[in-house]
Amino acid sequence: MPLFIPTIALIIKSPRADAAAVVGRERISLNAGWRFSRFTSNPDSLSYSTLKQWILPSANDFIKGAERQRPSGTPPGNSVNYVQASFDDSAWEAVNLPHDWAIKGPFNAPGIGGGMGRLPSNGVGWYRRKVTIAPDDIEATKSIFLDIDGAMSYTAVWLNGNLVGGWPYGYNSFRLDLTPYAKAGDNLLAIRVDNALDSSRWYPGAGIYRNVWLIKVDSTHVGQYGTYITTPTVSTQSATLSLVVEVENQKNTSRQVDIVTEVYELDSMTRKARGDVIATFPRGTIKVAAGAKQAFNSSVTVMNPLFWGPPPTQKPNLYVAITTLYASGAPTAMDTYETHFGIRSITYDANKGLLINGQAVRVQGTCNHHDLGSLGSAFNVRAAERQLQMLQEMGSNALRTSHNPPAPELLDMADRLGFMVLDEIFDCWNNQKTKNDFHLIFTDWREPDLRSFIRRDRNHPSVIAWSVGNEVSEQSGASGGTTGQVLRDIARSEDPTRPVTVAMNSASAGSSLADIVDIEGLNYQGEGLGTSTSGSFPSFHKTYPNKMIWSSESSSALSTRGTYIFPVTSGNSATVGGASAGGNPTAMQVSAYELYAPSWGSSPDKVFGQQDRNSFVAGEFVWTGFDYIGEPTPYDSARSSYFGIIDMAGFKKDRFYLYQSRWRSEFPMAHILPHWTWPERVGQVTPVHVFSAANEAELFVNGKSAGRLKKAQYDYRFRWDNVTYQPGDLRVVTYKNGAQWAVDTKKTVGDAAKLNISADRTTITSDGSDLSFITVAVVDSNGDTVPRASNAITFSTSGPGQIVSTDNGDPTDMTAFPSLSRKAFSGLALAIVRANAGASGKITVSATADVN
Ligand code: GAL
């Protein structure tokens, strides 16, 4: 018998018209219209080792010292079928970018274990599409570039059968110069990516998973990442802006160029300049030699600057500098280039932590991997924005891009929303973590990857520090210091304004690596591993009295949303194990009492206590904000992690409220756990815990007080551990400083009777990427969610849209993500809906379920 079939209507609105083309420069999306094929065995005999000598020179802009020379002769691959215009790719899959070929599954891909998420990310992928270039663009001596924001991995690019170049690191953005190979009319662009097995400790995704752009610009232009704005002096009265513009001249004659840069406030929603010019840099004239680059420096003062700073106490105000190049004396612009930036001051204080614009701001951060749950690694602005909005609702103000460069749009969003970002680049250096990870190419690529990453990201006010490594095994030996120093010095040479750090889980105070970093980034060890409370915060503080310390990674608490396992530990943190230690190895689930962690991790409560005992610590980046694909510790046979504060579908675990109670301590909230529908536990002890920023709370069980509790110092939850379960209701009344603060209730619910459907947004744009996240809850006849419902739900749509994926946050669910049928998990299921590009009208989404 189907449960009541609810529907929800989504209204489609047209996307905003694109900004008028900027004079002198075109940036054209190449996301649409690709043909794609994946090969599980090598189809073309190419490999990084055969391509390497031709690919290394693609990094020439990012190495100091001798340029890498492209070998003479015909490059490898130029005769491969797939790079020829004549190849018939009509049987290949039609795809649009960003594209992650692995996300559709199926799970249990051969050779891919739990760590990498069991999805078929390995193999060689070829992408092909036609790019039409107008004769004018060739004849007018333009430069034509291909900008790839990220492709996984070992990318090599051919245009019209010629190997252009490539970039191995799958997380970095890169540019290739197509000019020498481009022709008027149709051009055939062919891109090869290559993913080894055993290349990552988490789900890497696969393919061209970020945006791709074609840039057409005068051959004398602002170079790639060609502006750098810093704010050497900042006060409420004025700020000095210092600007470097690097002009690249690809002509074979020298060129005299006038440079004009005007500053406006930025409307961060439309990403356009707002109002009148507020400052103009002195006009500069430089002569750029043929084939050379030339930098121009200038500075200007902005009066009464509007600072960028994290909410809720500050506002993330932004500015845009619009740089225009003119051929000297000529009235028409050759190039126009926009740089978004912010004005803020940061002090990294060893005792007070971070001061942003003079105000102490505690780091309340999360670490996150790049996947977007069931959408995989294919970057989607709305999916990422939804994540950040949820984190902000929790009170988070910081992100760590563990352990690699993020999509560029993520930093735009962090700027706009006011997140502070610890921008991280590497998970390993020379020593491997997995057989085929970055260590294989670290020597050749560490410098160009680090320089290009910093040049790309250094104008973002959200970025507050660079992390050049995570838990590298070199940290315990002398090479930690030597390699760390090389990376630190590269980072400083690209951006002297931000500190450099490394996330260290075992380096001790006084070790060579800890000695050379600017911020002591401690993973777990600061608060003490596992249940130990003898951590390394004090020794680091003593050894480095002038350096700021933070928990670059903390907690790693584990839980499955809505799953509670008894008995509950009486401690405030425990190592997960069998049923008596929060785990269920058979069901592969971990208890959501939020007290359990792997041997190195600890509950949020323990971390809070340790941070509070060591008040000089600047804050923490919790592992992790969201569950992610792969690394399903402690149950390797599962598909996705248990670490998230929020599950992979975006449903909040109880832990969300524990962090909210600490990070938004002014927000009146109380949250009871567990659910209160336990027919099999009548008469059994069933502990009740409450998360709230209150300092007193009274629990009523079926109207009868179970006692009024006061939080002691270093208590971060209320717990009534001896409650005997009887059906009925729980009600908690909390108090802060004597006054009533917040109330929460939980009650025993009935059998599944119907489905509720709701959407995060009921109006979406038809820009081909905007999404609506639809939640279905299995509810009883009163409309209350049935906490353990697992009914199989089938989603459908009518109208011009489609369901991209479904999920339920269950780390063991091996149903492929595109499936329209999905079991509810702990009462909930999610469908992600996208409007067809260019569509208008209405999409109706419905859900049905069988009673089981
Ligand atoms: C850390 C590591 C993270 C993740 C985490 C899980 O040691 O840096 O990438 O593996 O452990 O607890």
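The values are calculated or read from the model by the stated rules, or taken from the named source; none is laboratory data. As the structure is a computational prediction, the values presented were derived from the model and not from experiment. Here Cβ is always computed from backbone atoms with ideal geometry, including for glycine, and neighbour counts include all displayed protein chains. In case anyone asks, the SASA skips ligands and DNA or RNA and just uses the protein heavy atoms, side chains included. Shrake-Rupley method; radii C 1.70, N 1.55, O 1.52, S 1.80 Å.
Overview of results
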item	result
Odd one out for Met413 among (1) at pLDDT 95 or above; (2) within 16 Å of the ligand (Cβ to nearest atom)	(2)
Residue in segment 614-642 that is farthest from the ligand (Cβ to nearest atom), counting only those that are of a type in the set (Ser, Thr, Tyr) and crowded, with 23+ Cβ neighbours inside 10 Å	Ser640
Filtered residues of segment 197-218 (kept if surrounded by fewer than 20 Cβ atoms within 10 Å (Cβ to Cβ) and part of a loop (DSSP other than H, G, I, E, B))	Leu197, Asp198, Arg201
Residue that is more than 16 Å from the ligand (Cβ to nearest atom), open to solvent by 40 Å² or more (accessible area, probe 1.4 Å) and not acidic (Asp, Glu), where the choices are Val486, Val500	Val486
Sole exception among (1) hydroxyl-bearing (Ser, Thr, Tyr); (2) open to solvent by 40 Å² or more (accessible area, probe 1.4 Å); (3) within 29 Å of the chain's Cα centre (by Cα); (4) under 18 Å from Glu620 (Cα atoms) for Ser555, by number	(2)
Matching residues in segment 595-613 - criterion: being open to solvent by less than 10 Å² (accessible area, probe 1.4 Å), farther than 25 Å from Gly353 by Cβ and within 15 Å of the ligand (Cβ to nearest atom)	Tyr596, Pro598
Test set (1) in contact (Cβ under 8 Å) with a residue 60 or more places away in the chain; (2) open to solvent by 30 Å² or more (accessible area, probe 1.4 Å); (3) in a loop (DSSP other than H, G, I, E, B) - Arg129 fails condition number	(3)
Every pair of residues 6+ apart whose Cβ atoms lie under 6 Å, when the first sits in segment 187-201 and is under 17 Å from Tyr171 (Cα atoms) and within 16 Å of the ligand (Cβ to nearest atom) while the second is acidic (Asp, Glu) and open to solvent by less than 30 Å² (accessible area, probe 1.4 Å)	Ser199/Asp437
Strands (runs of 3 or more DSSP E) within segment 746-816 that include 1 or more residues in contact (Cβ under 8 Å) with a residue 60 or more places away in the chain and open to solvent by less than 30 Å² (accessible area, probe 1.4 Å)	754-759, 763-765, 771-779, 801-807
Selection count where residues are over 23 Å from Gly809 (Cβ atoms), touching a Lys or Arg at 6+ places or on another chain (Cβ under 7 Å) and within 16 Å of the ligand (Cβ to nearest atom), scope segment 570-594	1
Matching option when the condition is open to solvent by less than 10 Å² (accessible area, probe 1.4 Å), at pLDDT 95 or above and either within 16 Å of the ligand (Cβ to nearest atom) or of a type in the set (Lys, Arg) (or both), among Phe442, Phe453, Phe426	Phe426
Out of Asp335, Asp371, sole residue that is in a strand (DSSP E or B) and either closer than 22 Å to Asn211 by Cα or touching a Ser or Thr at 6+ places or on another chain (Cβ under 9 Å) (or both)	Asp335
Any pair with Cβ under 9 angstrom, 6 or more apart, that starts in segment 242-254 at a residue that is part of a strand (DSSP E or B) and ends at one that is open to solvent by less than 20 Å² (accessible area, probe 1.4 Å) and acidic (Asp, Glu)	Val247/Asp335
Residue in segment 627-637 that is at pLDDT 95 or above, within 30 Å of Thr806 (Cα to Cα) and not in a loop (DSSP other than H, G, I, E, B) present	yes
Segment 539-564 residues that are in contact (Cβ under 8 Å) with a residue 12 or more places away in the chain and closer than 16 Å to Phe656 by Cβ, paired with ones that are within 16 Å of the ligand (Cβ to nearest atom) and open to solvent by 20 Å² or more (accessible area, probe 1.4 Å) (beta carbon under 6 Å, 6 or more apart)	Leu558/Val576
Matching residues, segment 536-556, being touching a helix residue (DSSP H, G or I) at 6+ places or on another chain (Cβ under 6 Å) and within 16 Å of the ligand (Cβ to nearest atom)	Ser554, Ser555
Residues being open to solvent by 10 Å² or more (accessible area, probe 1.4 Å), more than 17 Å from Gly530 (Cα to Cα) and within 16 Å of the ligand (Cβ to nearest atom) - total across segment 503-518	0
Every residue from segment 52-69 that is surrounded by 11 or more Cβ atoms within 10 Å (Cβ to Cβ) and out of contact with any Phe, Trp or Tyr (no Cβ under 8 Å at 6 or more places or on another chain)	Lys52, Gln53, Trp54, Leu56, Pro57, Asn60, Asp61, Phe62, Ile63, Glu67, Arg68
Filtered residues of segment 456-480 (kept if of a type in the set (S, T, N, Q), open to solvent by 10 Å² or more (accessible area, probe 1.4 Å) and part of a helix (DSSP H, G or I))	Ser473, Ser476, Ser479
Lone qualifier among Arg16, Arg118 - being open to solvent by 20 Å² or more (accessible area, probe 1.4 Å) and at pLDDT below 95	Arg16
Among the residues listed as Ser539, Ser554, the single one being of a type in the set (Ser, Thr, Tyr) and in a strand (DSSP E or B)	Ser554
Search result, residues across segment 681-708 that are of a type in the set (Lys, Arg) and open to solvent by less than 40 Å² (accessible area, probe 1.4 Å)	Arg681
Residue within segment 495-503 that is out of contact with any Cys (no Cβ under 9 Å at 6 or more places or on another chain), closer than 21 Å to Gly418 by Cβ and either of a type in the set (Gly, Ala, Ser) or assigned to a helix (DSSP H, G or I) (or both) present	no
All positions within segment 573-611 that are over 24 Å from Val502 (Cα atoms), in contact with a strand residue (DSSP E or B) (Cβ under 9 Å, 6 or more places away or on another chain) and of a type in the set (S, T, N, Q)	Ser573, Thr575, Asn584, Gln589, Ser591
Asp61 vs. criteria among the acidic types (Asp, Glu) and within 18 Å of Ile148 (Cβ to Cβ)	yes
Failed item in (1) of a type in the set (D, E, K, R); (2) surrounded by fewer than 16 Cβ atoms within 10 Å (Cβ to Cβ); (3) in contact (Cβ under 8 Å) with a residue 12 or more places away in the chain, with Asp88 passing the rest	(3)
Filter pass, Glu447 being charged (D, E, K, R) and within 16 Å of the ligand (Cβ to nearest atom)	no
Residues satisfying the stated conditions in segment 583-594, i.e. open to solvent by 10 Å² or more (accessible area, probe 1.4 Å) and within 26 Å of the chain's Cα centre (by Cα)	Gln589
Test result for Val732, open to solvent by 40 Å² or more (accessible area, probe 1.4 Å) and assigned to a strand (DSSP E or B)	no
